[in-house]
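To keep things clear, I will list the structure first and then write my remarks on it.
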Ligand code: SAM
């Protein structure tokens, strides 16, 4: 029988800490959230292998390292309100809720949003608001957000999302240009600074609902 606690600690040490994740709050959140509950039961024993897995509907739960790296680049504070585009399994939503004040998360596939909600209600988390729908225009009702994390690849960063950032806030997203890259956008007054970070590979951000 798999000891998920031991497997989770090993994942955090070998996949996150050994690869440069230093933020203690991110590390503690990955140690706390049971990733095996967010993957298909058929792959549950491998949930802490550090890889992505299919979650149905042609979507995936991303690698923990890329999720942790995106959060570390954003520098999420405990007072931050965070918008997440692409709830997927809800795993990253749970992690974010433990390091931020509130997470608003949108998923275009209603069945995935409902499945994520079912798992999230049964485990300890911080404050989470979920919505099923197209997140490409953000969630203006709850804007502005201190941080925005986009978990699906865009062809360019949407002005609507950037307009929902608070002054001093940051948005991280995979952007498909000549190649797909993680890009960090920082809002300083009216200006947006853009920093290209590293190559990546995500499922595409799709318009409309699934
Ligand atoms: N972070 C998630 C997790 O921990 O399971 C994985 C996210 S998965 C890589 C990307 C998700 O973005 C998919 O579930 C996909 O349906 C969703 N997505 C794609 N386009 C979207 C859109 N326009 N609005 C909201 N969600 C979208």
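Here are some notes:
- Among the residues making up segment 40-73, those that are surrounded by 19 or more Cβ atoms within 10 Å (Cβ to Cβ), more than 9 Å from the ligand (Cβ to nearest atom) and either part of a loop (DSSP other than H, G, I, E, B) or on the phi > 0 side of the Ramachandran plot (or both) are 47, 48.
- Listed by first and then second residue, the pairs with beta-carbon distance under 7 Å, at least 6 apart or on different chains, first residue in segment 92-115 and without any contact (Cβ under 8 Å) to a residue 60 or more places away in the chain and under 16 Å from residue 23 (Cβ atoms), second near the ligand (Cβ under 10 Å from one of its atoms) and part of a helix (DSSP H, G or I), are 92/67.
- Of residues in segment 99-122 being assigned to a helix (DSSP H, G or I) and away from the ligand (no atom under 12 Å from the Cβ), the one nearest to the chain's Cα centre (by Cα): 99
- Within segment 156-203, the set of residues being within 12 Å of the ligand (Cβ to nearest atom) and farther than 17 Å from residue 70 by Cβ comprises 158, 160.
- Among (1) away from the ligand (no atom under 13 Å from the Cβ); (2) assigned to a helix (DSSP H, G or I) - the single one residue 96 does not satisfy: (1)
- Residue in segment 7-39 that is surrounded by the most Cβ atoms within 10 Å (Cβ to Cβ), counting only those that are without any contact (Cβ under 8 Å) to a residue 60 or more places away in the chain and farther than 23 Å from residue 76 by Cα: 39
Every read-out reported here was derived from the displayed coordinates using simple, explicitly stated rules and does not represent laboratory data. Only a predicted model underlies this, so the values are computations on that prediction, with no experimental measurement involved. Cβ coordinates were reconstructed from backbone atoms using ideal geometry, including for glycine residues, and neighbour counts include every protein chain displayed.
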